[in-house]
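The block underneath contains the structure these notes are about, expressed in structure tokens.
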Amino acid sequence: MMPSDRKPRQQGHIRWRKRRWGGQRQSLALMAGLVSTGVLSAEAVRVELPSPVLRVEEAHGEIIAGMGVHGVAFVDSVSNRVAVRKDWPTVSAEKRPENRVMLCGRDGRMRIVEITKEGPAGTTTIEWDVEGLPSDSSTHGNLTALACGGAGVSLWEWREADQPPHLIGRYPFTGYAKQVDFHTNGILLVADSHELGLVALDVSDPYRPRRLGFMRMRGYCDSVESDGTTILAVNRYGGVVKVEPEPGFSGFRQHEWITPLVDEAAEYRPGTARLAGSLLLLPEMASGLRVFQITDDGFQRAGIHNQPKIALDAVMLPDGRVAVADFTGAIVLLELGEHKLRAKPTFSRDE
């Protein structure tokens, strides 16, 4: 379980079982001076966009910037060329095969878009309506799970590549499904940002999804991240929690957590986290992007970059750079030295 209403006395440190790692409270002046400790270089490229960026993803050489009701921007990862589609109110994106990307629309519509190097910003190949407002998607073989806010989680089966998927299952019994991520075959993790916290669903029979267990978190569970082994849950009050499932996913136990650098002000609280091979990317709003090495001994702080003014999300590109979603209206590109992206494992429904 996360610590209850008592706030950690130290800021910006890591707790692992009974062990603490880190220092004392960071002043704003000190935070502004923390740029690199060997992982992050001081080089940064800022690509200005017309609206605040909420989420960021990489697909087929393009950086996809979700700007909510203001649309979606496609940024060429080599030339930094920007193309904007204001008519696609996008919250998040997921890479699909054959130069395609799936967009979660703030208008209650899902879109499959083909990435093209010519013309405006790609073309729509498939569109369909969903119940609720889709904010996140995760695909496992021919099964796609959508987090649809107050409408819960919906499960869609792809039967033909060029036709909309079929709705085959719903799990409405969450307070507000904000993010979803497949962990292993048949196990879907859900970030419920209003009631239950981190939820594990059994979707081995996607027509009848059922809840296995959950872990309540103080305040909210804003996002969940899994690479098939490590599970991270993000809590805006308590930071990032590494959890381990109980047998049968009947619940979760806390293994390690990273508290925010400054946890008294909302603008310094994390909203998401990304696993990128041996690195953990932690965009922490006004604190910038924090980077941790993942070792056998836990998370080891590797650097911080404050070039992003309000960092909301981050993704590692195939060439080792990191693209950061900046709420002030930009994508910030950072160098990460020799670190390269390891592909996230995929699973087939037959496994």
- Determine how many Å³ per residue the convex hull of the Cα atoms of segment 166-213 encloses. 74 Å³
- Note on the structure: The simple spin-label model distance between residue 216 and residue 184, using points 7 Å out along Cα→Cβ, in nm, is 2.8 nm
- Note on the structure: Cα pairs beyond 16 Å in segment 104-179, in percent, come to 50 percent
- Point-to-point label distance, residue 173-residue 127, nm (Cα→Cβ direction, 7 Å offset): 3.6 nm
- Query: Using r as the Cβ-Cβ distance of residue 194 and residue 81, and R0 as 35 Å, what FRET efficiency do you calculate, to the nearest 0.05?
  - Reply: 0.35
- Share of Cα-Cα pairs in segment 214-316 lying beyond 25 Å, as whole percent: 15 percent
- Non-local amide H neighbours of residue 179 (under 5 Å, H modeled in plane, Pro and chain starts lacking H): which ones? 191
- Task: Report the convex hull volume per residue for segment 50-147, counting only C-alpha atoms, in Å³.
- Result: 91 Å³
- Note on the structure: In nm, the gap between the two label points placed 7 Å beyond Cα toward Cβ at residue 205 and residue 278 is 4.5 nm
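Since every read-out is calculated from the coordinates, none of them should be taken as a lab result. Predicted, not measured: the structure shown is a model, and the values here were computed from it. Methodologically, a virtual Cβ is constructed for each residue, glycine included, from the backbone with ideal geometry; neighbour enumeration extends over all protein chains shown.
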